[in-house]
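Sharing a structure here in structure tokens format.
Computed from the coordinates by the stated procedures, all read-outs in this text should not be read as laboratory data. Computed from a predicted structure; not experimentally measured. Ideal geometry is used to build each Cβ from the backbone, glycine not excepted, and the neighbour counts take in all protein chains shown.
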Amino acid sequence: MVSVEDFGEYETEWCPGCGNFMILKAIKRALAELGKEPHEVLLTSGIGQSSKLPHYLKCNVFNGLHGRSLPPAIGAKVANHELTVLAVTGDGDCYGEGGNHFVHNIRRNPNITLIVHDNQIYGLTKGQASPTSELGMKTNIQNHGVFNTPLNPLSLAISLDCSFVSRGFAGDVDHLTELIKKAIQHKGFSLVDVLQPCVSFNKLNTFKWYSERVYRMEEEDHSPKDRVKAFERSLEWDERIPLGVFYVNEKPTFEDHLEILASGPLVKNKADPEKVDELLDSFI
Amino acid sequence: MNTDLVIKVGGAAGQGLHTIGVVLAKTFKKSGFNVFTTQFYLSRVRGGHNTYQVRICNEPIRAMTEKVDILIALDEASINEHLNEISDGVVLVDTDVIKIEQMNESIFHVPMLKIAKDVCGNKIYSNTVAIGAALGLMCFNFEYLERVLTATFQKKGDEIIENNIKAARAGYDHAKKNFPSACKFAVKEPLIEDGRMLIAGNDAVALGALAAGVQFLAAYPMTPSTGVMTYIAAKADEFNVVVEQAEDEIAALNMVLGASYAGVRAMTTTSGGGFCLMAEALGLAGITETPAVIFLSQRPGPATGLPTMTEQGDLQFVLTAAQGEFPRCILAPGTPDDCFYLTAKAFNIAEKFQIPVFVMSDQYLADSLFTCKKFDTSKIEIDRHLLSDDELKGKNEYNRYELTPTGISPRAIPGQAGFTVVVDSDEHNETGHLDQTIDNRILMNDKRMKKLKLLEQEMEAPQLYGNKKADITLIGWGSTYGPLLEVVDILTSEGHSVDHLHFTNVYPLPVDAIKNMMADAGKIVCVENNATGQFAKLFECETGLRVDENILRSDGKPYTPEHIIRALEQKKVI
Ligand SMILES: Cc1ncc(C[n+]2csc(CCOP(=O)(O)OP(=O)(O)O)c2C)c(N)n1
Ligand code: SF4
Ligand SMILES: [Mg+2]
């Protein structure tokens, strides 16, 4: 039996009251409830306040570069597909600096879970606009307010036929825990975009602001199999913000296509230099 | 008599130059000759003017010479641009197809198209007629060509094989019968069927990686590196390799680092432009101490530059790429043998020292074909330097960056029961967790940089060619090796006192060994394919020795021995 305590308690560098604490709690609970042992789990991340999360629980950690939480996650998953791999990142990290990897890993469909702490702001660098910042939001760089159309990660993911698309809220840990569990259990690339209030820099999208708008899609009639309906839901924002699983499409994963993985993880194979002899003969 | 002949094929992209060149090269090799080929091509799929050049010799050869004996002209540009390279040679051209303004006695008309139609009923065989005609001028034993054509078209069926042989035979007979001085280039085949290979640098790198047990390759296509990726992809299922075309080079190296962290041998392949995008991830390899092999095939820059040509212009960039300081290793093969053995070695160094290791090649080495002895796979050692489950069991805790006297920390991988492996791009302490304290920074930076000193002791001394204590020592790195060997041979035979030191272990330089070897060196002349003498700078700065002259070339073309000798004369070195 694995318990939440097995993942330890660490001192964090987060501001008191930040939504990140709830996401950490939900991740630990989800892993424990799924019976994952720390050594079976790999968390990769980029750079940002959110990307520090892997340091705050006991597990394998690859804390890489800003924007690059996904590529090492794919590399590691291919090397050892028995690992449970989660990429933990921020809205700036994943949708801005690392946008290309977001798009192409949806297409690649590796069996990993992507958790995006979407606080609609750059936290670590003290409050600049992120790709998901609201129109009109003023910062000390966007002095006239944001005028670039916000990126809608869920619509984008659904339009790319992402295998699992969901949204959680840091203020609803129970719901978020269940969502992360589903995402980990789903075979394929699973997006969990998490609405995460940043108490220090985002004075617009506060706990209160989100709480007044969010609702659970499960409580209404929503079928995650219907891509067009899912897309419609993903467009809801100002008045009511849906939480839950928007869209699921079971399809072969990246690893499924790699037939050589069927006999076991790549990392277990041994080199045999002399096997190259046959190839050398073809140059004679 | 010593044979040393050059056949050049000129034509547009899409006209089949490559096939002509390779068939000729294989035919000569089969008969026992040493063969060397180079390609000059433009970055386009159709049109333009490209050449494929084949040199044959009884003696070992490692470079192209400038005089051409037989020119197979498949387009007008071949005549306009290369007629002057022929002094006592012959141009084979189908004047029914290509208008010649001024015929002269070195131009020999071969009705390639007409013969192809007459003999095979199809003009597509006209290139094969040309191959036959070239061999006809040499009164070459036709049987070798027949064997090579049979093997080349094996997959296409008997009819195609027969047509090719018929077309070649007709071209051969035409030349033998109609060329005024029959058998002008008659050669005597050395007849040694000795199991040698005919291989390009890129293929040798790919084979070296497979021999070393590469398990994961992520890359983004870029000439002239792509051949390595393509070769490994073709053998991936057989050798249990995952090859993934990344969305960009940033992803490629970051994927490689993730895979390597998780315990497999991983590499990427790229050229300068792609490597620019990898620079930040190179630093990530440095600070996380994650092994990685980076195959970098150079082409002239900056930016897109000359995509299909050659240069050694990226050394200083590779030496310093990425912010901050961390150990790295640069190996630069000069021959296919080097490509094979050094690539395999790169994986061992990467894992032993937990650093990024470069194999730096260039278009010239990538695309040229060489004859060489079959590589000896029994010489390839696999040193993984990983902690086994049993070794870990004895530990109470595992710290990825444990401080040790060498600076090298024992490496475990994620998934090993009971332990976790933590790595961080931030400065971190022994546990791998972020630590910004000054004392820790000093410890960790020292730990990493210590490995560079240790690595220096493992770097191999340059290879000496020629007599030690010569008046002039030519130094070079990587692909200039072949041309420089021939320069030493030519100049020595003319009575000059010259030797060559060839550097394949480029960084860190084995300074003590170099100083010993060069204690009583005469004039030091550094020859390299770039505009600023990048290796010379490294050499001077690391060894404290002076380079007396720089011979430089950065027009996109590789060195020929003649070019180097002219430059030495101009600089009054000889
Ligand atoms: C290449 C690079 N560019 C810029 C930075 C500076 N930087 C660090 S985190 C960050 C933005 C983080 O935003 P987000 O991913 O939303 O994380 P948050 O702090 O909001 O959780 C930036 C710009 C960096 N570390 N690396
Ligand atoms: S800056 Fe914002 S997101 Fe970062 S820890 Fe503080 S409150 Fe949380
Ligand atoms: Mg953010």
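Which residue fluctuates the most in chain A, going by a Gaussian network model with Cα springs under 10 Å, if the choices are A:Gly92, A:Gly17, A:Gly46?
Of A:Gly92, A:Gly17, A:Gly46, the most mobile in the Gaussian network model is A:Gly17.
Same structure, new question: Using 1/(1 + (r/R0)^6) with R0 = 56 angstrom and r between the beta carbons of B:Leu392 and B:Ile192, what's the FRET efficiency to the nearest 0.05? Walk me through the numbers before you get to the answer.
Numbers: r = 54 Å, r/R0 = 0.96.
That gives a FRET efficiency of 0.55.
Output the lone cysteines of chain B: those with no second cysteine's C-beta under 4.7 Å from their C-beta.
If one checks each Cβ against the other cysteines of chain B, B:Cys57, B:Cys120, B:Cys276, B:Cys329, B:Cys339, B:Cys372, B:Cys526, B:Cys541 turn up with nothing under 4.7 Å.
Still on this structure, I have one more. For peptide B:239-245, compute the average count of partner chain beta-carbon atoms within 10 Å of each residue's beta-carbon. If you can, show how the numbers build up before the last one.
Details: counts 7, 9, 3, 9, 1, 6, 0.
Shielding by partners across B:239-245 averages 5.
Counting Lys and Arg as +1 and Asp and Glu as -1, what is the net charge of the other residues whose Cβ lies under 10 Å from the Cβ of B:Phe275? Before the final figure, lay out the partial values.
Values: positive: none; negative: B:Glu249, B:Asp314.
Net charge around B:Phe275: -2.
Could I ask something else about it? I want the antiparallel fraction of DSSP beta bridges within region B:4-185, as a percent rounded to 5.
On the way: 16 of 27 bridges.
Here the share of antiparallel DSSP bridges comes out near 60 percent.
Between A:Leu160 and A:Leu135, take the C-beta separation as r, use R0 = 25 Å, and let me know the FRET efficiency to the nearest 0.05.
On the way: r = 24 Å, r/R0 = 0.94.
It comes out at approximately 0.60.
Of A:Lys77/A:Lys187; A:Lys181/A:Lys268; B:Lys8/B:Lys572, which pairs sit farther than 23 Å apart, going by alpha carbon to alpha carbon? The partial results should precede the final answer.
On the way: A:Lys77/A:Lys187 13 Å; A:Lys181/A:Lys268 28 Å; B:Lys8/B:Lys572 32 Å.
Pairs exceeding 23 Å: A:Lys181/A:Lys268; B:Lys8/B:Lys572.
Averaged over peptide A:40-47, how many Cβ atoms belonging to another chain are found within 10 Å of each residue's Cβ? If you can, show how the numbers build up before the last one.
Details: counts 4, 3, 7, 2, 4, 2, 2, 2.
The mean count of partner-chain Cβ atoms within 10 Å per residue comes to 3.
Fewest Cβ neighbours within 10 Å first, please rank B:Arg169, B:Arg546 accordingly. Write down the numbers at each step before the final one.
Working: B:Arg169 19, B:Arg546 10.
Ascending Cβ contact count within 10 Å gives the list B:Arg546, B:Arg169.
Identify which of A:Leu124, A:Leu86, A:Leu57 has the largest mean-square fluctuation in a Gaussian network model of chain A, with springs joining Cα atoms closer than 10 Å.
A:Leu124
Which length gain, in nm to one decimal place, applies between B:Glu59 and B:Ile442 when the Cα-Cα distance is subtracted from 0.36 nm times their residue separation?
Numbers: separation 383, 0.36 × 383 = 137.88 nm, distance 5.63 nm.
Separation in residues times 0.36 nm, less the Cα-Cα distance, equals 132.3 nm.
Among the aspartates and glutamates, which fall within straight-line cross-link reach of A:Lys251, defined as a Cα-Cα distance under 20 Å, with same-chain neighbours fewer than 8 residues apart omitted?
Within the straight-line cut-off, A:Lys251 pairs with A:Glu82, A:Asp161, A:Asp226, A:Glu259, B:Glu244.
Further question on the same structure: Give A:Lys52/B:Lys395; B:Lys155/B:Lys188; B:Lys67/B:Lys188 a once-over and call out the pairs whose C-alpha atoms are over 22 Å from each other. Mind dumping the intermediate values first?
Details: A:Lys52/B:Lys395 27 Å; B:Lys155/B:Lys188 31 Å; B:Lys67/B:Lys188 20 Å.
Over 22 Å Cα-Cα: A:Lys52/B:Lys395; B:Lys155/B:Lys188.
Still on this model: Roughly how many nanometres apart are two label points built 7 Å out from the Cα toward the Cβ at B:Asn84 and B:Thr492?
3.4 nm
Name all residues of region A:40-67 having a backbone nitrogen under 19 Å from the label point set 7 Å from the Cα of A:Glu82 along its Cα→Cβ direction, giving them as ranges.
Only A:40-43, A:59-61 fall inside the zone, counting backbone N under 19 Å.
Which pairs in the list B:Lys447/B:Lys515; A:Lys275/B:Lys374; B:Lys373/B:Lys571; B:Lys469/B:Lys571 are over 25 Å apart, alpha-carbon to alpha-carbon? Spell out each step's value before the answer.
On the way: B:Lys447/B:Lys515 27 Å; A:Lys275/B:Lys374 14 Å; B:Lys373/B:Lys571 37 Å; B:Lys469/B:Lys571 21 Å.
The pairs that break the limit, which is 25 Å between Cα atoms, are B:Lys447/B:Lys515; B:Lys373/B:Lys571.
Going by how many other beta carbons lie within 10 Å of each one, how would you line up B:Arg566, A:Arg108, B:Arg448, fewest first?
Lowest to highest Cβ neighbour count: B:Arg566, A:Arg108, B:Arg448.
Can you give me the distance in nm between label points at B:Glu542 and B:Lys572, each placed 7 Å from the Cα along the Cα-to-Cβ direction?
3.2 nm
Where is the GNM fluctuation largest for chain A (alpha-carbon springs, 10 angstrom cutoff): A:Ile23, A:Ile241, A:Ile184?
A:Ile241
So how do A:Tyr210, B:Tyr341 line up by other beta-carbon neighbours within 10 Å, fewest first?
Fewest-to-most ranking of A:Tyr210, B:Tyr341: A:Tyr210, B:Tyr341.
Relative to a virtual label point 7 Å from the Cα of A:Ser282 in the Cα→beta-carbon direction, which members of region B:215-231 show backbone nitrogen distances below 14 Å?
From region B:215-231, the list is B:228-231.
What's the local net charge at A:Leu114, with K and R +1, D and E -1, over the other residues with C-beta under 14 Å away?
Working: positive: A:Arg68, A:Lys77, A:Arg107, A:Arg108, A:Arg167, A:Lys182; negative: A:Asp91, A:Asp93, A:Asp118, A:Asp193.
Result for the neighbourhood of A:Leu114: +2.
Ignore the peptide's own chain and count Cβ atoms of other chains within 10 Å of each Cβ in B:428-434; give me the average, rounded. Mind dumping the intermediate values first?
Details: counts 3, 0, 0, 2, 5, 7, 4.
The per-residue average across the peptide is 3.
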